[in-house]
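Report on one structure; see the data block that follows.
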Amino acid sequence: MRVLMLAASLSIGLTACGNAQKADEPASQAMPMLSAANTIEACLGSYSDIAAREAECVGQYSNACMALSPDGETNSGMIRCTVEEYNAWDARLNTAYGAYMQGLDAPRDGALREAQRAWMALRDADCAFAASAYEGGSMQPLVTAGCRMDYAARRTLRLLSWLEEPR
């Protein structure tokens, strides 16, 4: 009996939600999406350790964007969604880097600056290599964007974990 009541409630709830959308409006446009930056901040606030943040937050926006955008499953849509998330992670990375640098004294600030430059060189070389498998093809920009997004997200998470630890 409970199963039938639960199924009936779920059916009514789904119908009510479905009726909230206009008849000629695609499901992907029925609910507004958060921006990439807001999605990342909300996710970071939901998890406190780096492993959970990495597992749950990296790719969350681009995956939702691809699923919910009318063009999300096209090559250009996937690239757009991934670049939007990359840009948000990159901005968050720069904020975290600046905040961490402010708390460092010499010579540690120079060491972090050197590490950041080395990280950027590694990111660029790794992403160029990964994308080279698709040289000239329509997948090349998507692989590049995905690689850069992944690197930026993981570096941001590392910097945030350092910020949250005692120095």
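The values are calculated or read from the model by the stated rules, or taken from the named source; none is laboratory data. Everything quoted here is computed from the prediction, not taken from an experiment. No Cβ is skipped: glycine too gets one built from the backbone with ideal geometry, and neighbour counts run over all protein chains shown. Calculation scope for accessible area: heavy atoms of the full protein, side chains included, ligands and nucleic acids excluded. Shrake-Rupley method; radii C 1.70, N 1.55, O 1.52, S 1.80 Å.
The single condition among (1) over 9 Å from the mean Cα position of the chain (by Cα); (2) surrounded by fewer than 17 Cβ atoms within 10 Å (Cβ to Cβ); (3) modelled with pLDDT of 95 or more that Ala37 does not meet is (1).
Name the single residue that is most open to solvent (accessible area, probe 1.4 Å) among those in segment 93-134 being part of a loop (DSSP other than H, G, I, E, B) and under 23 Å from Ser62 (Cα atoms).
Tyr134
Considering segment 22-32, and only residues there that are of a type outside the set (D, E, K, R) and open to solvent by less than 70 Å² (accessible area, probe 1.4 Å), the residue that is modelled with the lowest pLDDT turns out to be Ser28. Scanning segment 51-75 for residues that are within 18 Å of Ala88 (Cα to Cα) and of a type in the set (A, V, I, L, M, F, W, C), we see that the one that is most open to solvent (accessible area, probe 1.4 Å) is Ala55.
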